[in-house]
Amino acid sequence: MGVLSPKRCGNKAPKGRPRHVWKVGTGILNVIRMLQGRAVAAALALSVLDGPLFLIVALLFLVFPDGRLPSSRWLILVASASLLASLTFLGALLRPGRFLFYAQYENPLDPPPNLLTDAWDGIYGLMVGCVVLAALSLVSRWRRADNVQRAQLKWAAAAATLIGIAMVTYGAGAGPSAYSEAGDIAVGTAFTLFPIAIGVAVLRYRLFEIDRIIKEKVANWDFKRIAILDRLILRMGICELLYFREIPPKVSMNEAIELAKLFSTQRSGQFVNGVLDAVVNDMKASGGLPKSGRGLFDGEHEQANLKTRIKKS
């Protein structure tokens, strides 16, 4: 370290090759100084992120698996959870003294006592209660769900159970103001696995549903022998038909057909056209084509408007 010492080098960097060594050395020393107290900074960051993390988990519970709230009444819970998440964030940031879950560290901001400090425990408990209520929304969804959605909900329920077990075990083992490294890792892992479980459930079972539709339309074909690009294009087209309300069916079909002509075999355009046309016709007949808006299908509502316009004319 003698070469790297600012005292030995003076105020100016030495000339020649040692100059580069001096720059690297002083840079490392500056980084070490910046990282001093990194554990305290990490404890502060983890404490203030509790509220936003709980809010994200609550929203995932509420909008899973179809991306919409079970009903408009749940907007009250969303607003309450958002307010409590903000208060939890501020309360953790302005908490004087030691952190709640990292009691070996003190808040480096050293804020004075305030109203949020006295009410923070209650706010935190209400935030956890909002997450629990959001998780209970899965029960009402289960009653109205089809087989595919129920398979997805099982993944969410399993991940939620894992979070609950980790948090209860942490609280019972370490206590409300104690820190347990193993418990902290367990809770962090459980929260990390939750969005992964949601993603797996969506990709696995939505893709399964689309493949089931394709198999119904190509009953005389071996599904695995269909060209891989044709399968991918059909999945994209049917996905747009099912889940993208704002895209007209003709646009989805034309794009899929053109992609098949450009990038797949010579007869792929006709094959994709036939499958998607059959899918659209079945969805129209069953009223299951979820398209709405100007120039799009809107089921009985669109037909009623058309009849009204005819009568007026």
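Values in this text are rule-based calculations from the coordinates and carry no lab data. Please read all numbers here as calculations on a predicted model, not as lab measurements. Reconstructed Cβ throughout: ideal geometry from the backbone, glycine too, with neighbour counts over all protein chains shown.
Data for the structure
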read-out: ³J(HN,Hα) computed for each position of the range 239-249 - Karplus, 6.51 cos²θ - 1.76 cosθ + 1.60, integer Hz, glycine/proline x; value: 4, 5, 5, 7, 10, 10, 5, 7, 9, x, x
read-out: Among the listed pairs Lys215/Lys284; Lys224/Lys261; Lys250/Lys284, those beyond 25 Å (Cα-Cα); value: none
read-out: Cα convex hull of the range 47-99, projected area averaged across orientations, nm²; value: 3.6 nm²
read-out: Inter-probe distance in nm under a simple model that places probes 7 Å from Cα toward Cβ, at Asn254 and Val128; value: 5.7 nm
read-out: Fewest-first sequence of Phe61, Phe194, Phe263 by Cβ atoms within 10 Å of each Cβ; value: Phe263, Phe194, Phe61
read-out: Those aspartates and glutamates that a straight Cα-Cα span of less than 15 Å connects to Lys154, excepting residues fewer than 8 apart in one chain; value: Asp66, Asp146
read-out: Approximate spin-label separation Ile76-Val139, in nm, with each point projected 7 Å along Cα-to-Cβ; value: 1.7 nm
read-out: Enclosed volume per residue, in Å³, of the convex hull spanned by Cα atoms of the range 145-269; value: 159 Å³
read-out: Orientation-averaged projected area, Cα convex hull of the range 39-192 (nm²); value: 9.2 nm²
read-out: Straight-distance crosslink candidates among aspartates and glutamates, where the alpha carbon sits under 12 Å from Lys217 and sequence neighbours closer than 8 are dropped; value: Asp277, Asp282
read-out: Gain on full stretching of the segment that runs from Lys154 to Val202 - 0.36 nm per residue minus C-alpha separation; value: 16.1 nm
